[in-house]
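Below is one structure, written out as structure tokens; the observations come after it.
Just so it is clear, none of the values below were taken in a lab; they were calculated from the coordinates. Computed from a prediction, not measured in an experiment: that's the story for all the values here. All Cβ positions, glycine included, derive from the backbone under ideal geometry; neighbour counts span all protein chains shown.
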Amino acid sequence: MVELKKLQEEVIKNKVNKGFNIKDLNLEFLLAYGELAEAFNAYQNKEEDLGEELADVVIYILGIAEMLDIDLEVELLKKIEKNKRRKYIKKEDGKWIKIEG
């Protein structure tokens with residue numbers, strides 16, 4: 001399995017090598033948002049490059065995590081465990097609501 005921390009480092013290394021932004025977090029969040037919009041459009045239009053568009057989103061997220069010195073793998077594992085402990089109930093209208101966690 002690939003370690004996300006290593007991928008984070010690779011993303012930043014590539015950005016540095018290409019002279020891309022590694023300081024302006026606001027810009028990175030906006031660019032990630034743009035990539036997510038592109039992925040959504042690819043999904044809606046049933047485009048073949050949906051996987052590539054999703055990869056672009058993840059690359060931006062990995063870069064942001066590295067810029068913020070966040071080990072995304074650690075955070076993901078913690079969040080997955082937290083989500084497992086959450087309890088939900090289904091309302092009459094079919095919507096799920098969180099009742100615990």
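The angle between the Cα long axis of helix 50-67 and the longest principal axis of the Cα atoms of the chain comes to about 80 degrees, rounded to the nearest 10. Based on DSSP loop calls and a cut-off of at most 13 other Cβ atoms within 10 Å, the longest stretch of the chain free of exposed trypsin sites (Lys or Arg not before Pro) is what? Answer from the scan: 47-85.
In loop segments of segment 1-94 as defined by DSSP, the GluC sites (Glu not before Pro) with at most 14 further C-beta atoms inside 10 Å of their C-beta are 3, 47, 48, 92.
Which angle from 0 to 90°, rounded to the nearest 10, does the C-alpha axis of helix 4-18 make with the longest principal axis of the chain? Value to nearest ten degrees: 40. Neighbours of residue 3, meaning other residues whose beta-carbon lies under 10 angstrom from its beta-carbon, give a summed charge of -1 when Lys and Arg score +1 and Asp and Glu score -1.
Compute the Cα gyration tensor for the chain, then decide on rounded, prolate or oblate, letting a ≥ b ≥ c be the square roots of its eigenvalues: rounded whenever a/c is under 1.5, prolate when a/b is larger than b/c in the other cases, and oblate in all that remain. Here the chain falls in the oblate category.
Computed on the chain, with alpha-carbon pairs under 8 angstrom and 6+ residues apart, the relative contact order is 28 percent.
Which residues in segment 66-81 have a backbone N closer than 20 Å to a point placed 7 Å from the Cα of residue 96 along the Cα-to-Cβ line? Answer for segment 66-81: 76-81. Here the chain is treated with +1 on each Lys and Arg Cβ and -1 on each Asp and Glu Cβ, and its dipole about the Cα centre works out to around 780 debye.
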